[in-house]
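As structure tokens, the structure follows; a few thoughts come after it.
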């Protein structure tokens, strides 16, 4: 049996859409409807929390001090000073696949940290499927009917550990610190409305 014609971009399907009609649904193309007051109040709550988060440079250690913990390292990363890129950077032609990095999606209008992530290849991470792409589209779309300014960008911190476990631990510490609303660990704090279908 030739499955080529049923192959999607990521997974081979043995059934056509008609075979699984009960399980198939077309996502809505309607923009996310959220009132201007609710949207601004949601952003303000996050902004107020994140304004209380401080960035502390690590103290100079001696030869006998232990390396900083993940929480201490997370405290030292000033993500607002990192160079920004458009979130569509992955569409550009790159000379290489990039490096191990942590990345931050920020709405520079306030500013607020929306998402914290980690990757082994900074130039490749967003080329495929990534739920955060949908969250960003929903977030920006929610601003448009109200003519509210929005400036969503991404930045990379390339001093991240090269080993995956180390990067993931540091990512978790940063997610906990900033309580970034697009990270699922923090949805409960903010009742994040942008994570549904576009």
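The values are calculated or read from the model by the stated rules, or taken from the named source; none is laboratory data. What you see is a predicted model; the values in this text were computed from it and never measured. Using ideal geometry, Cβ is built from the backbone for each residue, glycine included, and neighbour counts are taken over all protein chains shown.
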### Task
For the range 111-198, please list each of the helices (runs of 4 or more DSSP H) lying entirely inside it that holds at least 1 residues being touching a strand residue (DSSP E or B) at 6+ places or on another chain (Cβ under 7 Å), modelled with pLDDT of 90 or more and within 24 Å of residue 53 (Cβ to Cβ).
131-143, 164-178
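Yes or no, residue by residue, for (1) in contact (Cβ under 8 Å) with a residue 24 or more places away in the chain; (2) loosely packed, with under 15 Cβ neighbours inside 10 Å:
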{"position": "145", "(1), (2)": "yes, yes"}
{"position": "148", "(1), (2)": "yes, yes"}
{"position": "158", "(1), (2)": "yes, yes"}
{"position": "162", "(1), (2)": "yes, yes"}
{"position": "165", "(1), (2)": "no, yes"}
{"position": "185", "(1), (2)": "no, yes"}
{"position": "188", "(1), (2)": "no, yes"}
{"position": "194", "(1), (2)": "yes, no"}
